Protein chains: 2
Amino acid sequence: MDKIVECVPNFSEGRRPEVIKKIAAAASRFKKVKVLDMEWDRDHNRSLITLVGDPKQMLDAVFRMIRTATRLIDMEKHQGEHPRIGATDVVPFIPISGITMDQCIRMSKTLGRWVARELKIPVYLYEAAATRSSRVNLADVRKGQYEGLKEEIKANPQRKPDFGPSKLHSTAGAIVIGARKFLIAYNVNLDSKNVQIAKEIAKKVREKDGGFPAVKAMGFEIKDKGYVQVSMNLCDFEKTNMAEVFEKIQEEAKKKRIKVINSEIYGLVPLAALVDLVQKTLQSPDFKKTQILETKIWE
Amino acid sequence: MDKIVECVPNFSEGRRPEVIKKIAAAASRFKKVKVLDMEWDRDHNRSLITLVGDPKQMLDAVFRMIRTATRLIDMEKHQGEHPRIGATDVVPFIPISGITMDQCIRMSKTLGRWVARELKIPVYLYEAAATRSSRVNLADVRKGQYEGLKEEIKANPQRKPDFGPSKLHSTAGAIVIGARKFLIAYNVNLDSKNVQIAKEIAKKVREKDGGFPAVKAMGFEIKDKGYVQVSMNLCDFEKTNMAEVFEKIQEEAKKKRIKVINSEIYGLVPLAALVDLVQKTLQSPDFKKTQILETKIWE
């Protein structure tokens with residue numbers, strides 16, 4: 001499999017595991033699509049299903065999941081803590097290997113048109129696939145949630161969907177579809193009980209306060225372990241990689257005479273992120289994924 | 001394929017490509033063994049075939065290659081610059097993934113016994129598979145080469161093979177079989193025309209002169225590019241990885257007011273070497289290969 005796309009559709013169902021499993025099952029007959037992970041939360045009443053695989057089969061698989069969710073979830077009865085506008089709430093496509101962001105944007109549009117046509121659900125494009133700047137951020141697209149959007153979509157031309165009717169689907173609401181980069185969850189643990197120190201260092205590294213591009217960071221106390229943590233999302237590892245923030249945090253900690261305990265990559269990373277790290281750490285720009293022995297067997 | 005072993009048999013044939021291709025073809029019907037690379041040299045009159053794959057099929061594949069080389073190469077007529085004792089000269093097994101060094105040693109012994117029994121060729125075990133310290137180094141095992149060993153194997157009890165007769169095979173000579181770690185070829189280029197500087201820095205990093213464990217290093221002038229190079233073999237990346245030597249060379253170059261141009265990983269590296277580099281560079285000892293997204297698809 002030379003082209004790999006990831007897709008993490010979010011569904012407004014976190015209390016009926018049998019429904020979530022039926023939605024996931026809709027993807028399972030596609031041989032080149034793999035369900036990597038399923039998680040759900042009762043309070044949020046929401047689930048996330050992580051899929052990876054071949055771009056062509058991915059479109060078919062995700063369409064069938066959306067169709068299943070449309071049949072089984074009724075937004076008129078949905079309650080939960082997490083913001084949402086639809087039974088299938090958000091569908092991001094993420095390029096992993098052999099596929100560009102542009103191709104993921106095209107996938108978003110193809111799926112959006114298909115869903116609008118076949119299921120009569122209004123679709124908003126977001127993030128890299130957004131058609132206007134006011135729709136880049138998910139929070140803006142979801143403003144007012146299902147209940148608020150129900151009236152606004154009809155009355156406010158600013159809320160007209162990118163595809164489909166200017167009217168929520170009677171049970172499935174609306175869907176946000178788009179493309180974004182892979183997000184690496186990365187934490188650095190500091191040998192201190194003073195959460196203020198983690199918060200100060202988080203400020204030094206995050207983009208918002210003049211730190212590294214595409215880095216979000218917060219300082220936390222990890223009470224049961226007795227230390228503090230700089231918790232980050234690296235939203236574009238080509239712009240800022242783990243080694244760069246690690247080095248900076250180490251430097252800042254040193255100034256404060258605090259030791260770095262260790263760091264943790266949380267969850268999955270694409271191989272491209274490791275190749276990028278090797279290239280930069282070793283000043284070895286020509287290093288290629290195809291130099292990794294296992295790729296010769298896997299390909 | 002969860003278990004991967006590499007094998008790089010060396011054959012005393014570098015002038016008849018049709019013979020080398022026949023030897024490689026003997027491995028090609030094993031579905032879980034892949035021929036990654038073939039190279040040969042006329043002056044050395046010698047070829048290397050790089051195989052990776054499933055350990056069980058690897059033994060069968062390599063045995064058949066040895067049998068083919070035995071049939072097609074006559075050491076009585078062989079001439080070449082490179083030291084050698086047999087038609088199949090050296091067979092190293094290298095653990096890549098899901099297989100230990102001990103298992104590679106057992107593979108060496110299984111193959112050695114098999115070759116001795118079926119083909120009546122004397123077999124010496126070397127490197128990690130060596131049965132005595134005097135046979136760890138390949139150069140010691142090959143002392144006197146085919147011509148010298150022909151008499152010595154009969155007369156000198158120190159040269160008695162580990163398996164098979166104390167008498168060279170009439171056309172195939174003897175074979176050295178063993179297990180070793182994966183060797184990473186890694187070069188750091190320095191912005192200087194003074195080869196002495198590269199030689200001095202090479203001395204600082206190599207094990208022989210008190211540098212890093214399992215590192216061999218030499219200084220070279222790369223004339224056509226107008227710079228000098230510290231050229232290394234990292235013989236055990238778990239002991240010393242690329243980032244460690246790169247950092248040291250950068251430090252030493254700085255002392256001499258020389259800039260590091262870049263570094264180059266030459267050829268292939270096992271994924272485990274990148275995982276190890278990430279663990280050490282980021283102080284992230286819990287980082288695992290299974291966190292790499294692609295492994296979920298490939299596995």
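The values are calculated or read from the model by the stated rules, or taken from the named source; none is laboratory data. None of these values were measured; they are calculated from a predicted model. Neighbour counts are summed over all protein chains in view; Cβ atoms, including those assigned to glycine, are modelled from backbone coordinates with ideal geometry. Only protein heavy atoms, including side chains, enter the accessible area calculation; ligands, DNA and RNA are left aside. Shrake-Rupley method; radii C 1.70, N 1.55, O 1.52, S 1.80 Å.
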Report summary line: Looking along the axis that carries chain A onto chain B, the residue of A whose Cβ comes nearest, with distance in whole Å, is A:TRP298, 2
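Considering all projection directions equally, how large on average is the shadow of the alpha-carbon convex hull of the stretch B:82-153, in square nanometres? Intermediate results must be reported in sequence, preceding the final value.
On the way: hull surface 21.4 nm².
The directionally averaged projection comes out at 5.4 nm².
Skip the ligands, DNA and RNA, and give the accessible area per residue of the stretch A:7-87 with a 1.4 Å probe, whole Å². The partial results should precede the final answer.
Numbers: 3790 Å² over 81 residues.
Per-residue value: 47 Å².
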Report summary line: In the neighbourhood of A:ARG159 defined by beta carbon distances under 12 Å, the net charge of the other residues (Lys, Arg +1; Asp, Glu -1) is +4
Requested in this report: List the distances, in nm and shortest first, from the label point of B:GLU152 to the matching label points in every other copy, placing each point 7 Å from Cα along the Cα-to-Cβ direction.
Outcome: 8.6
Report summary line: Looking only at lysines whose Cα falls under 17 Å of A:LYS248's and that sit 8 or more positions away or on another chain, we get A:LYS199, A:LYS203, A:LYS204, A:LYS208, A:LYS216, A:LYS239, A:LYS256, A:LYS259, A:LYS280, B:LYS280
Query raised in the report: Sorted from shortest, what are the nm distances separating the label point of A:SER134 from equivalent points in the other copies, each placed 7 Å from Cα along Cα to C-beta?
Result: 8.8
Report summary line: With every protein chain kept in place and a 1.4 Å probe, the residues B:GLU244, B:GLU13 fall, from largest accessible area down, as B:GLU244, B:GLU13
Report task. Treat every Asp and Glu Cβ in the protein assembly as shown as -1 and every Lys and Arg Cβ as +1, leave all other atoms uncharged, and give the resulting dipole magnitude about the Cα centre to the nearest 20 debye. Result -> 580 debye
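How big is the B/A interface in buried accessible area, both sides summed, 1.4 Å probe, to the nearest 100 Å²? Don't jump to the answer; show the numbers that get you there.
Details: alone 15730 and 15730 Å², together 27670 Å².
Approximately 3800 Å², summed over both chains.
What Kirkwood Rh does the protein assembly as shown have if only Cα atoms enter the pairwise 1/r average? Answer in Å.
Its Kirkwood hydrodynamic radius stands at 27.8 Å.
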**Report entry** From phi via Karplus (6.51, -1.76, 1.60), per-residue ³J(HN,Hα) for the stretch A:79-89 in Hz, x at Gly/Pro
**Finding:** 9, x, 6, 8, x, 6, 10, x, 4, 8, 8
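So what is the orientation-averaged projected area of the stretch B:159-284, using the convex hull of its C-alpha atoms, in nm²?
On the way: hull surface 45.5 nm².
Seen from a random direction, the Cα hull of the stretch B:159-284 projects 11.4 nm² on average.
Could you pull out the trypsin sites (Lys or Arg not before Pro) across the stretch A:131-222 that fall in loop regions by DSSP (anything but H, G, I, E, B) with no more than 11 other Cβ atoms inside 10 Å?
Working: sites: A:ARG132, A:ARG135, A:ARG142, A:LYS143, A:LYS150, A:LYS154, A:ARG159, A:LYS167, A:ARG180, A:LYS181, A:LYS193, A:LYS199, A:LYS203, A:LYS204, A:ARG206, A:LYS208, A:LYS216; in loops: A:ARG132, A:ARG142, A:LYS143, A:LYS167, A:ARG180, A:LYS181, A:LYS193, A:ARG206.
Answer by residue number: A:ARG132.
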**Report entry** Label geometry 7 Å along the beta-carbon vector: A:LYS120 inter-copy distances in nm
**Finding:** 8.6
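I need the fraction of alpha carbon pairs in the stretch B:122-199 separated by more than 20 Å, rounded to a whole percent. Could you put the intermediate results ahead of the total?
Details: 1325 of 3003 pairs.
So the pairs more than 20 Å apart make up 44 percent of the total in the stretch B:122-199.
For a Förster distance of 30 Å, can you work out the FRET efficiency between the beta-carbons of B:SER28 and B:ASP102, rounded to the nearest 0.05? Please report the intermediate quantities before stating the final value.
Values: r = 29 Å, r/R0 = 0.96.
Rounded to the nearest 0.05, the efficiency is 0.55.
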Query raised in the report: If only Cα atoms are counted, what is the Rg of the stretch A:216-292, and what is its Dmax, in Å?
Result: 14.5, 44
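Let me check something: with ligands and nucleic acids excluded, how do B:THR131, B:THR240 order by accessible area (1.4 Å probe), largest to smallest?
Values: B:THR131 75, B:THR240 0 Å².
The residues order as B:THR131, B:THR240, largest area first.
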Query raised in the report: Top mean-square fluctuation among B:ASN233, B:ASN187, B:ASN156, Gaussian network model of chain B, C-alpha springs under 10 Å?
Result: B:ASN156
Requested in this report: At 1.4 Å probe size, with every protein chain present, just tell me what the per residue accessible area of the stretch A:105-241 comes to in Å².
Outcome: 48 Å²
Query - Surface share of carbon and sulfur [accessible, 1.4 angstrom probe, percent] for the protein assembly as shown - result: 48 percent
Query raised in the report: So, with +1 on the Cβ of K and R and -1 on the Cβ of D and E, and no other charges, what is the size of the charge dipole of chain B about its Cα centre, to the nearest 20 debye?
Result: 540 debye
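Would you list B:TRP114, B:TRP40 from the most to the least accessible area, probe 1.4 Å? Walk me through the numbers on the way to the answer.
Numbers: B:TRP114 50, B:TRP40 110 Å².
In descending accessible area the options line up as B:TRP40, B:TRP114.
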Report summary line: Hull volume per residue for the stretch A:46-175, using the convex hull of the C-alpha atoms, in Å³ is 99 Å³
Report task. Would you kindly give the portion of the calculated P(r) for chain A that falls above 33 Å, as a percent of all Cα pairs? Result -> 32 percent
